[in-house]
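For reference, the structure is listed below as structure tokens.
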Amino acid sequence: MRDNRIQNILRVNLSTGKTRLESIPEAWTAKYLGCRGIHSRLLFNEVPPGADPFGPDNVLYIGTGPLEGTPIGMGRLSVACKSPRGTVAEGSCGGFFGPELRRAGIDYLAIQGKADRPVYLWIHDQKSEIRDARHLWGRKINETDALLREELSDPDVQFRYIGPAGENLVHSSPIFGNRDNSGGRAGCGAVMGSKRLKAIAVRGSGGIRVADYEGFLKAYQHFRQRVGVGTSRDVWTPIWGAYGAPVIVRVFNDQGGIMTRNAQEMRWDEEKCNRISAEPYLEKYVTRAKACFCCPLPACKKQHEIRSGPFQGFRGGNLWAAIPSVFGPLLDNDDLELILVMAGMCNQFGLDVFHVAYTLAWAMECFEKGILTRADTDGLELRFGCPDKEGVLDLIRKIAMREGFGDLLARGCNEAAKMIGRGSEKFALVIKGQELEAIAQRNSYMVALGVAVSEVGPDHTRWYPPHPGHPGLLKNEDLSRLGVQLDLSKAAQGRNPEEKGKVLRWFTISRAIVESLPSCVFLVRDTLGFDLHPWHELFQTATGIRLDYSEFIRAGERVMNLDRAFLVREGFRRTDDQPPYRMATEDVPYFGFPKLDKPLFDRMLDDYYQANGWSLKTSIPRRHKLEELGLTDVVQDLEKRGMEVEP
Amino acid sequence: MKRIQVIEDLCNGCRLCQTFCSSLRTGVFNPDDPQTGIRILKMPGEEQDIPLVQCNGVCIRPIAGDDQPTCVELCPTGALVYGNLDWVQARRLELEAARKMHGLFKVLAPWKWPFPWVKSKKGAGRVEEGGIAR
């Protein structure tokens with residue numbers, strides 16, 4: 001039986017083959033909550049600056065938090081390491097692995113060192129074993145899943161694994177689980193591959209006791225009221241919960257928020273857009289819904305099958321909004337079946353969809369501008385609209401296997417553009433070396449600022465959702481009662497730079513808390529974006545730790561400052577928190593939205609750093625802020641390394 | 001006699017019913033608790049978790065009144081229903097009819113959500129044709 005106050009960590013050294021179970025200091029649960037928060041602390045403490053991301057010094061953390069295993073955890077699992085680009089690489093994924101790990105009596109895994117041959121880790125109720133995985137190496141995700149299931153012959157074993165892309169150290173490949181769930185797209189899969197760890201299998205038989213069951217039940221019912229499809233006051237909840245996210249593609253298209261043809265335009269043909277939207281997907285392809293552990297939404301995630309045509313029999317799942325938007329308009333491809341197959345192939349090979357889509361879009365633009373020719377692309381006619389479907393699908397395979405032209409694209413858009421040059425850097429849509437996501441920036445400054453300053457590279461889940469909630473639900477007075485000082489009417493205006501820094505600061509802090517409990521960040525609807533009391537109550541009743549609401553909020557701030565401290569220690573500064581070149585220099589055609597030029601963006605950055613208590617010049621957190629958060633050791637560490645920490 | 005029945009096509013496999021049921025007696029969330037009246041059926045080679053329920057519906061801890069077991073109350077999809085055989089049969093027929101009208105009902109229970117965003121009179125949840133009135 002687990003006590004949620006004390007968390008533990010299983011350290012696995014793959015170089016020596018030794019494992020050790022340690023306790024995490026009890027005070028950390030109140031200070032950093034768990035999951036992402038504890039990972040931020042561990043990363044800062046244990047991964048030295050300048051460590052080779054693919055070397056034995058880099059540590060891969062996989063962990064849950066104090067609320068995992070209860071219905072609030074939603075199966076969320078955080079994976080973290082130093083990314084191959086030097087930033088923090090932290091991502092959260094759903095599924096069923098998290099609760100199983102906790103039930104096995106382990107909260108965190110720290111994978112250190114490097115194995116001399118492919119291995120997988122088998123954990124069974126605090127007992128762990130490093131097993132040979134040579135027969136799994138090179139296998140696709142679905143094959144690995146089936147083989148491991150057969151080998152361990154227990155239907156309830158849960159897995160996290162990497163595909164061939166992770167083994168081949170493809171830029172930004174994530175870690176997969178339950179076939180279609182993935183997390184850590186900043187390269188956690190590649191780091192796992194560099195350690196020659198193919199998979200982690202876990203089975204637990206323990207239970208999770210909450211400290212105050214009656215209180216927890218009451219808090220849970222209140223929480224369900226706030227997030228339920230029928231009861232939430234947010235208009236987006238039922239649409240998301242039932243239709244699923246892909247409906248947003250059409251909504252974004254009307255608002256100038258669809259990056260078309262590598263973001264050369266921001267509007268797509270309406271008919272094409274209808275063809276890839278959620279309705280045809282639901283009617284023709286969806287077979288059933290498949291949720292993560294204890295999710296209160298009926299159908300956020302679904303499984304699909306293509307029943308006829310050239311791709312007959314192709315199955316997959318978990319099509320969220322971003323996938324049709326990046327494989328559709330970005331490549332000018334209106335074939336929903338092709339989108340499903342491309343996304344499915346990314347999942348099978350263990351690739352990150354954003355990396356593949358943006359790199360393909362970049363290569364297509366290069367091809368159309370004559371920068372790349374058929375001689376470079378192994379004879380492939382790489383044009384927008386994907387006329388050669390088989391060719392594009394084969395290219396995805398080549399990226400994962402690093403064959404021919406695929407090897408260039410496997411390095412990521414940023415590095416590929418640097419190698420090719422000839423002006424192609426100008427339309428490589430990257431921030432901190434990482435490809436963008438689906439949400440557009442020039443129509444919503446919150447998004448523009450959010451993806452630019454994120455410590456992991458563009459990651460919308462760090463402040464999702466990108467709007468301050470329905471304006472009818474919240475008043476400025478309510479906000480100040482919740483301890484948030486900002487002007488909502490200005491904050492809600494998409495293209496008004498005012499208040500964006502403050503809103504983003506609040507969103508980043510609050511989402512850090514939700515991800516640290518952990519709970520699902522996609523449930524932050526209604527007024528929950530500002531009002532974290534339901535989660536505060538759930539945390540207190542589950543752990544038995546009495547914590548002031550303001551202290552609870554400060555835990556999130558601590559996490560965010562630790563991430564920033566890690567980032568600046570690796571040498572990233574204000575100059576890295578910038579929008580991609582195309583967004584900074586080109587106006588949006590047709591809609592007439594202006595470019596994110598320097599004066600405009602600098603103003604928002606200043607606001608954001610100011611609100612956070614970070615240096616306006618360098619973005620290094622200031623001494624008074626770190627000391628106020630009780631992070632004096634961080635100040636000392638930064639100063640020891642000769643960094644200028646402003647007072 | 002009222003029973004808890006599972007409409008398998010609607011189930012999204014979140015395992016909330018099992019997880020919650022296991023906690024009602026002891027306050028410990030442990031799906032493997034042998035006392036729990038819900039077991040999960042996993043299809044080989046599929047990402048599916050379908051509950052099998054062995055319970056008379058007299059819940060030891062009904063959180064929403066005595067006539068509704070907790071697992072049925074908390075089920076997010078409507079896949080768990082509690083009623084006599086006639087009632088359950090009617091729900092299944094209602095679902096089949098609704099599915100023919102709208103793709104959404106592959107994943108949602110038409111009796112559970114009167115959709116606020118559907119305005120037309122032929123509204124998705126109200127199935128009149130085929131003699132299956134609400």
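All but one of (1) surrounded by fewer than 19 Cβ atoms within 10 Å (Cβ to Cβ); (2) facing chain A (nearest Cβ under 9 Å); (3) modelled with pLDDT of 90 or more hold for B:N84; which doesn't?
(2)
State all residues of region A:115-126 that are on the phi < 0 side of the Ramachandran plot and either away from chain B (no Cβ under 14 Å) or assigned to a loop (DSSP other than H, G, I, E, B) (or both); if no residue qualifies, say none.
A:A115, A:D116, A:R117, A:P118, A:V119, A:Y120, A:L121, A:W122, A:I123
Go through region A:255-278 and give me each residue that's under 26 Å from the mean Cα position of the chain (by Cα) and either within 14 Å of chain B (Cβ to nearest Cβ) or part of a helix (DSSP H, G or I) (or both).
Hits for region A:255-278 are A:C273, A:S277, A:A278.
Residues in region B:45-59 that are away from chain A (no Cβ under 13 Å) and free of Cβ contacts under 8 Å to residues at least 24 places away in the same chain: how many?
Residues meeting the conditions: 2.
Do we find that A:Q264 is open to solvent by 50 Å² or more (accessible area, probe 1.4 Å), free of Cβ contacts under 8 Å to residues at least 24 places away in the same chain and either touching a Leu at 6+ places or on another chain (Cβ under 7 Å) or farther than 28 Å from A:R224 by Cβ (or both) in this structure?
When the stated conditions are applied, A:Q264 does not pass them.
Taking A:L638 and the conditions (1) in contact with a strand residue (DSSP E or B) (Cβ under 9 Å, 6 or more places away or on another chain); (2) closer than 15 Å to A:L567 by Cβ; (3) in a loop (DSSP other than H, G, I, E, B), which numbered condition does it fall short on, given that it satisfies the others?
Condition not satisfied by A:L638: (3).
Could you name every one of the helices (runs of 4 or more DSSP H) located completely within region A:430-501 that has at least 3 residues being open to solvent by less than 20 Å² (accessible area, probe 1.4 Å) and under 19 Å from A:G257 (Cα atoms)?
Correct list: A:445-453.
Report, by residue number, each residue of region A:221-233 that is surrounded by fewer than 20 Cβ atoms within 10 Å (Cβ to Cβ) and in contact with a Phe, Trp or Tyr (Cβ under 7 Å, 6 or more places away or on another chain).
A:G230
Checking B:V6 against (1) within 12 Å of the chain's Cα centre (by Cα); (2) within 11 Å of chain A (Cβ to nearest Cβ); (3) over 20 Å from A:P66 (Cα atoms): exactly one of these is not met. Which one?
(2)
Select, from A:A104, A:A115, A:A110, A:A133, the only residue that is within 25 Å of the chain's Cα centre (by Cα) and in contact (Cβ under 8 Å) with a residue 40 or more places away in the chain.
Among A:A104, A:A115, A:A110, A:A133, only A:A110 is within 25 Å of the chain's Cα centre (by Cα) and in contact (Cβ under 8 Å) with a residue 40 or more places away in the chain.
Looking only at region B:14-25, count how many residues are at the interface with chain A (Cβ under 8 Å from one of its Cβ atoms) and not in a loop (DSSP other than H, G, I, E, B).
5
One line per residue, one yes/no per condition, for (1) modelled with pLDDT of 95 or more; (2) within 22 Å of A:G204 (Cβ to Cβ):
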{"site": "A:S15", "(1), (2)": "yes, no"}
{"site": "A:D57", "(1), (2)": "no, no"}
{"site": "A:C81", "(1), (2)": "yes, no"}
{"site": "A:F97", "(1), (2)": "yes, yes"}
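A:R250 versus (1) charged (D, E, K, R); (2) closer than 27 Å to A:I141 by Cα; (3) more than 8 Å from every other protein chain (Cβ to nearest Cβ): which is the lone unmet condition?
(2)
Which members of region A:11-21 meet the condition of being open to solvent by 50 Å² or more (accessible area, probe 1.4 Å) and within 17 Å of A:D125 (Cβ to Cβ)?
A:T19, A:R20, A:L21, listed by residue number.
Which condition breaks for B:M1 when tested against (1) open to solvent by less than 30 Å² (accessible area, probe 1.4 Å); (2) hydrophobic (A, V, I, L, M, F, W, C); (3) away from chain A (no Cβ under 11 Å)?
(1)
Considering only region A:530-598, give the helices (runs of 4 or more DSSP H) lying wholly within it that have at least 1 residues that are open to solvent by less than 10 Å² (accessible area, probe 1.4 Å), touching a strand residue (DSSP E or B) at 6+ places or on another chain (Cβ under 9 Å) and under 25 Å from A:L479 (Cβ atoms).
Those helices (runs of 4 or more DSSP H) span A:533-543, A:549-569.
Just the residues that are facing chain A (nearest Cβ under 9 Å) and touching a residue at least 12 places away in the same chain (Cβ under 8 Å), please, taken from region B:34-44.
Selection gives B:I40 alone.
Quick one: would you say B:P31 is at the interface with chain A (Cβ under 10 Å from one of its Cβ atoms), buried (at least 18 other Cβ atoms within 10 Å of the Cβ) and either in a loop (DSSP other than H, G, I, E, B) or without any contact (Cβ under 8 Å) to a residue 12 or more places away in the chain (or both)?
yes
I'd like the full set of residues that are touching a His at 6+ places or on another chain (Cβ under 8 Å) and facing chain B (nearest Cβ under 9 Å), limited to region A:284-328.
A:V286, A:T287, A:G317, listed by residue number.
When you scan region A:331-353, do you find a residue that is over 23 Å from the mean Cα position of the chain (by Cα), closer than 23 Å to A:R582 by Cα, open to solvent by 10 Å² or more (accessible area, probe 1.4 Å) and in contact (Cβ under 8 Å) with a residue 12 or more places away in the chain, even just one?
yes
Does region B:60-69 contain at least one residue that is more than 8 Å from every other protein chain (Cβ to nearest Cβ), open to solvent by 70 Å² or more (accessible area, probe 1.4 Å) and among the aliphatic types (A, V, I, L, M)?
Checking region B:60-69: at least one residue is more than 8 Å from every other protein chain (Cβ to nearest Cβ), open to solvent by 70 Å² or more (accessible area, probe 1.4 Å) and among the aliphatic types (A, V, I, L, M).
The values are calculated or read from the model by the stated rules, or taken from the named source; none is laboratory data. Just so it is clear, the model here is predicted, and its values are computed rather than measured. Heads up, the Cβs are rebuilt from the backbone with ideal geometry, glycines too, and the neighbour counts pull from every protein chain shown. The area values use the complete protein model at the heavy-atom level, side chains included, leaving out ligands, DNA and RNA. Shrake-Rupley method; radii C 1.70, N 1.55, O 1.52, S 1.80 Å.
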